[in-house]
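Every number here is computed from the coordinates shown, using simple stated rules; none is lab data. All of these numbers come straight from a predicted model, not from anything done at the bench.
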Amino acid sequence: MTQHGIEHLFTDTVRDTMGSGVYGDWRSIQNADAVPLAFGFPYPESLPNGELVSAAESLLAAEPDRALQYGGGDRAAGLRDVIVDRARDRGIDCSTDAIHLTNGATRAIDTVCRVFLEPGDEVVVEAPTFMGALGIFRNHGATVTGVDVDEEGLDVDALAEDLAARAERGAPGPKLVYTIPDFQNPTGVTMATDRRELLLDLAETHDFVVLEDDPYGRLRYDGVDRPPLKALDSADRTVRINTFSKTIAPGVRTGWIVADERTAAQFDRIDAGGEPSFTRGLIDTYCADGRLDRAVSRLCEGYEERRDRMLASLDAYMPPDVGWSEPSGGFFVWIEFPDGTDTEAMLPEAIDAGVTYLPGSFFYAGDDGDRFARLSFSHAAPAAIEDGIEALARTVSDGVPSTDGRLGRGR
Ligand SMILES: Cc1ncc(COP(=O)(O)O)c(C=O)c1O
């Protein structure tokens, strides 16, 4: 007898993950009356509407027959040169053949998984980490394990100990280690340079790929840049992902991968056929004449003001038993509430009080993170950020027991 429908023909991996959350589902956490501190959306005035209209007009005038055609024209092809220059600014010397263009960083993570992961392979992630990546690794049937993050980023010594213990007992190691070294999502912390070097040593000793995801690296508001893992890596162990979502706009959803040329060729092959060449030509045109660099400096000013307002407001309004990270860049502050706090259960109350955030549990592979929350200072206006923090402080002030903050008290 034939079965009704086609669900029984799904792959085992799809069947195993069917009940889990969908990327983007959490967007239901919003309320028109609440200050939006939940999502890493750029603030509305930062979106370059006018410049993109001019770039589109200029592109269509310059390449009327090719800009909208399959494959695009010279401008779409030129985007790889823009990216080689950007990589060089961060100390990465690569050719255009080492670049694979993607529809954003999220899709880039998926492409890397399609090239490297078999169901059952292990991926080590930071605990906590970007929830979108967790979903993708699960969709590929990976086993995801977390290693703690502290003020200096991923605890690479703990990873080293774990890997050494496994090697001793003949247990397999991970295929990929996924890290967001600069202004990490969700904690905002940056990995120390000596940890970066040790992670690359471990990759060689224990034979894994370092997957470096760096959407925020150019959004630094104070302190000095740390070298990207890809820049420190002489053994071609690192696959580096980046995106224009945070420096131009999420809606252009264009990102890229820098790898060695042989690996990039496989990314090109596996992804072939879906290139939005008009968008790529548009970005290449937009980036000409140093426009992107000027835009990034303006963004840094806008985000720095918002970060400062958030940290000052936390200091002014939060009870003394609440701690938070102090990021030097990026979009996020990570809050640690006292033991016993459940930030998922508290969210409806916070929304009623006038603020949204993301509960910490969203960012862990296992059952952790209940007393943490991620706050984004990227989206709301500075005065609204202060209102939001005041509303959050009101929500937590009653009945929370005291504890020491692992990420430290604020300033
Ligand atoms: C670490 C990290 N990777 C990837 C993304 C998504 O990038 P994209 O918008 O290019 O898909 C984000 C932000 O949303 C992020 O924080």
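Odds and ends about this structure:
- Computed as a quarter of the hull surface, the mean projected area of the alpha carbon convex hull for segment 299-343 stands at 3.4 nm².
- Debye-formula intensities of segment 1-118, expressed as log10 I(q)/I(0) at q = 0.09, 0.10, 0.20 Å⁻¹, are -0.52, -0.64, -1.23 (one equal scatterer per alpha-carbon, no solvent).
- Alpha-carbon radius of gyration plus Dmax, which is the widest Cα pair, for the chain in Å: 21.8, 69
- Taken over the alpha carbons of segment 140-199 as equal point scatterers, the Debye sum produces base-10 log I(q)/I(0) values at 0.12, 0.19, 0.30 Å⁻¹ of -0.32, -0.75, -1.30.
- Report summary: the helix-based calculation at 222 nm, which adds -39500 (n - 2.57) for every DSSP H run with n ≥ 4 and divides by the residues of the chain, gives -12500 deg cm²/dmol.
- Computed from Cα atoms alone, the Kirkwood hydrodynamic radius reported for segment 247-398 is 18.3 Å.
- Three semi-axes of the equivalent ellipsoid, segment 49-289, Cα gyration tensor, whole Å, largest first: 33, 19, 15
- Rounded to whole numbers, the Karplus 3J(HN,Hα) couplings from phi for segment 369-378 are x, 4, 9, 10, 8, 9, 10, 9, 9, 7 Hz, using 6.51 cos²θ - 1.76 cosθ + 1.60 with θ = phi - 60°, and x at Gly and Pro.
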